[in-house]
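Heads up: the structure comes next, in structure tokens.
The values are calculated or read from the model by the stated rules, or taken from the named source; none is laboratory data. Quick caveat: nothing in here was measured; it's all calculated off a predicted structure. Every residue, glycine among them, receives a Cβ derived from its backbone with ideal geometry; neighbour counts consider all protein chains shown. Heavy atoms of the whole protein, side chains included, go into the accessibility calculation; ligands, DNA and RNA do not. Shrake-Rupley method; radii C 1.70, N 1.55, O 1.52, S 1.80 Å.
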Amino acid sequence: MPTIFVSGVNFEALKASLELLVLGWGGDFLVLGIIALASLALCRLFPPKRGESDD
């Protein structure tokens, strides 16, 4: 497949870099979502007792 250059932009490289960008940010948000869900699950499983201090 020929590489297309328009105004000095390599669209094949641009497409590949955008795919990597989406995969990278998607992985970040996936990990943050898993951590948030684990935190919520732990808060529901082990709620803090009333009247206890954090000392």
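Ranked from largest to smallest solvent-accessible area, with a 1.4 Å probe on the protein heavy atoms, LEU42, LEU20 come out as LEU20, LEU42. In this rough spin-label picture, where each label sits 7 Å from Cα along the Cβ direction, the ASN10-ILE35 distance is 3.5 nm.
Within the accessible area of the stretch 12-55, what % is carbon and sulfur when the probe is 1.4 Å and the other protein chains stay in place?
Heavy-atom surface of the stretch 12-55 belonging to carbon and sulfur, 1.4 Å probe: 70 percent.
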